[in-house]
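All remarks here apply to the structure that follows.
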Amino acid sequence: MRPQNEIYTANIYYREIFGKKLVKLSVDGGFTCPVRDGRISSEGCIFCSGLGSGDFAARGGGIKEQITEAKARLSEKWGKADCEYMVYFQAFTNTYAPVGVLREKYYAALEAADAKALSVATRPDCLGDDVLELLKEISQKYYVTVELGLQTSNEKTAEFIGRGYKNEVYLDAVKRLNDAGIDVITHIILGLPDESKEDMRHSVDFAVKAGTKGLKLQLLHILKGTRLAEIYEKQPFRVFEKNEYINFVCDILESLPKDIVIHRLTGDAPKDLMIEPWWSLDKRSVLNGINKQLKKRG
Ligand code: SF4
């Protein structure tokens with residue numbers, strides 16, 4: 001039984017499902033995205049580096065080669081771990097291709113990894129009925145989760161960041177995924193320009209009320225080569241300070257329903273791309289700070 005005051009982490013949730021640790025193997029399926037290829041826009045979201053939010057995904061080569069490489073890297077790190085594998089299609093929009101292509105890529109990766117689970121990061125406006133049917137089919141044999149980049153529920157901010165869809169599209173996608181029995185993880189960015197803490201809290205509530213099972217809370221990173229970096233250079237805006245962020249994340253965690261699974265509390269960024277906030281590169285210290293603060297609050 002999970003202690004009532006413990007953060008319900010993805011690690012705990014997946015152990016409940018699989019009985020052991022679940023290890024994610026990030027793969028790059030070679031997709032693009034409709035706010036990059038011109039279908040909606042060609043500029044990309046303002047915060048997105050040219051790697052499409054997949055800054056740590058294995059790259060290059062076919063899917064099988066990427067899986068072999070990712071497994072080799074992990075066994076170097078952990079030795080022979082007693083775990084199950086989840087294939088994670090992370091970079092860009094991983095449902096943005098004809099369904100036949102998706103089918104081939106998903107199954108190839110699952111089989112190559114001998115995985116028990118599939119995680120697909122995508123946009124809610126790229127989930128046609130045929131894609132949903134495919135995910136439903138896969139979920140008969142594997143655990144499937146879909147990660148949606150909501151980022152904010154403030155429509156004005158959504159427009160500013162170039163998200164390219166309205167909130168109602170997200171609501172509809174979460175409903176259809178839930179109806180299909182697929183867990184949704186929602187990605188929310190904390191610290192977007194001109195957003196108040198109320199706005200950010202509202203985004204979290206909005207996702208929870210919509211029926212998300214999990215949350216990824218991502219501290220806004222200003223990365224080199226993004227439109228956000230240009231904006232910041234021209235007119236620096238306020239970014240979170242470390243203790244302020246720690247306290248705010250704790251406020252959010254305290255207010256969440258107990259069955260919401262936490263997949264991320266801060267974020268990773270390649271050091272060579274980071275402009276601000278620098279303190280976030282020491283991720284361990286941020287996570288320790290959150291744990292310490294939660295303990296202090298009881
Ligand atoms: S964040 Fe996602 S939707 Fe936005 S440009 Fe990057 S890959 Fe596309």
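Bear in mind that the values in this text are calculations on the coordinates, not laboratory data. Predicted model only: the values in this text are computed from it and were never measured. Glycine gets a Cβ as well: all are built from the backbone with ideal geometry, and neighbour counts include every protein chain shown.
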_Which aspartates and glutamates, if any, have their Cα less than 13 Å from the Cα of K64, not counting same-chain residues under 8 positions apart?_
D28, E104, E111, D114
*Give the span of the stretch 122-281's Cα atoms along each principal axis, as three whole-Å numbers ordered largest to smallest.*
47, 32, 29
*asked:* Taking the alpha-carbon distance from K296 and a cut-off under 16 Å, which aspartates and glutamates remain once sequence neighbours fewer than 8 residues away in the same chain are dropped?
replied: E6, E244, D251, E254
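Kindly flag which residue pairs out of K20/K258; K24/K271; K105/K136; K216/K258; K166/K213; K213/K258 have an alpha-carbon separation exceeding 19 Å in this structure.
The pairs that break the limit, which is 19 Å between Cα atoms, are K20/K258; K24/K271; K166/K213.
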_the chain: relative contact order as a whole-number percent, Cα under 8 Å and 6+ apart_ = 18 percent
*Using the eigenvalues of the Cα gyration tensor, what equivalent ellipsoid semi-axes result for the stretch 150-221 when each is taken as the square root of five times the eigenvalue, whole Å, largest first?*
21, 13, 10
*If you take the Cα atoms of the stretch 10-297, find Rg, then find the Kirkwood Rh from the mean of 1/r over all pairs, what is Rg/Rh?*
0.94
*May I ask which residue of S139, L74, F31 lies farthest towards the positive end of the charge dipole of the stretch 10-297, with charges of +1 (Lys, Arg) and -1 (Asp, Glu) on Cβ and the Cα centre as origin?*
L74
*asked:* Nothing charged except the Cβ atoms of Lys and Arg (+1) and of Asp and Glu (-1): what's the magnitude of the dipole of the stretch 10-297 about its Cα centre? Round to the nearest 20 debye.
replied: 920 debye
*Calculated from DSSP H runs of 4 or more alone, at -39500 (n - 2.57) each and per residue, what is the 222 nm mean residue ellipticity of the chain, nearest 500?*
-13000 deg cm²/dmol
*Please identify the cysteines of the chain that lack any partner cysteine with a Cβ under 4.7 Å from their own Cβ.*
C33, C83, C126, C250
*asked:* For K292, give me every one of the lysines with a C-alpha distance below 19 angstrom, ignoring sequence neighbours fewer than eight places off in its own chain.
replied: K242, K283
*Using 0.36 nm per residue of separation minus the Cα-Cα distance, give me the extension gain between M274 and S196 in nm, one decimal.*
25.8 nm
*Could you work out how far the C-alpha centroid of the stretch 134-189 sits from that of the stretch 7-41, in angstrom?*
12 Å
